[in-house]
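Report on the structure given below.
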Amino acid sequence: MRKGDDVERIQKALAALYFYPDKGAKNNGIDGVYGPKTANTVKRFQSVNGLSADGIYGPKTKVKLEEFLK
C-alpha cells in the first residue's frame, strides 16, 4: 500500500472532479493512503474515461486526469 503526498495529490485531483466525494469523512476521505477506496475511485475514473479499469494509477490514467485539471 502506497502512502504519502503523491497519493494525496491523486486523491485531491479525483475529488476536484467529484470522483472522491466521501462527504461524511474528514477531508472528504483524502488521507494520502492508496488503499482499496482509492483504487476503486481510480477504477471508476478509468471506466468513465475509456481506460482499462484496473485501479492502477499509471501513465495513461495520469495523462487523462491531468487533461481535466488544466
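The values are calculated or read from the model by the stated rules, or taken from the named source; none is laboratory data. Quantities reported herein were computed from a predicted structural model and do not represent experimental measurements. Counting neighbours? That spans all protein chains shown, and the Cβs are built from the backbone with ideal geometry, glycine included.
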task: Give me a count of the residues in segment 4-31 that are modelled with pLDDT of 95 or more and outside any helix (DSSP H, G or I).
output: 1
query: If you scan segment 4-50, which residues turn out to be in contact (Cβ under 8 Å) with a residue 12 or more places away in the chain, among the hydrophobic types (A, V, I, L, M, F, W, C) and more than 19 Å from Lys70 (Cβ to Cβ)?
result: Val7, Ile30, Val33, Ala39, Val42
message: Restricting to segment 36-64, and then to whatever is touching a helix residue (DSSP H, G or I) at 6+ places or on another chain (Cβ under 9 Å), of a type outside the set (Ser, Thr, Tyr) and under 19 Å from Gly4 (Cα atoms), can you tell me which residue is surrounded by the most Cβ atoms within 10 Å (Cβ to Cβ)?
response: Val42
statement: With criteria (1) in contact with a Gly (Cβ under 9 Å, 6 or more places away or on another chain); (2) at pLDDT 95 or above, Lys37 comes up short on (2)
Number of positions in segment 12-35 that are among the small types (Gly, Ala, Ser) and closer than 15 Å to Arg2 by Cα: 2
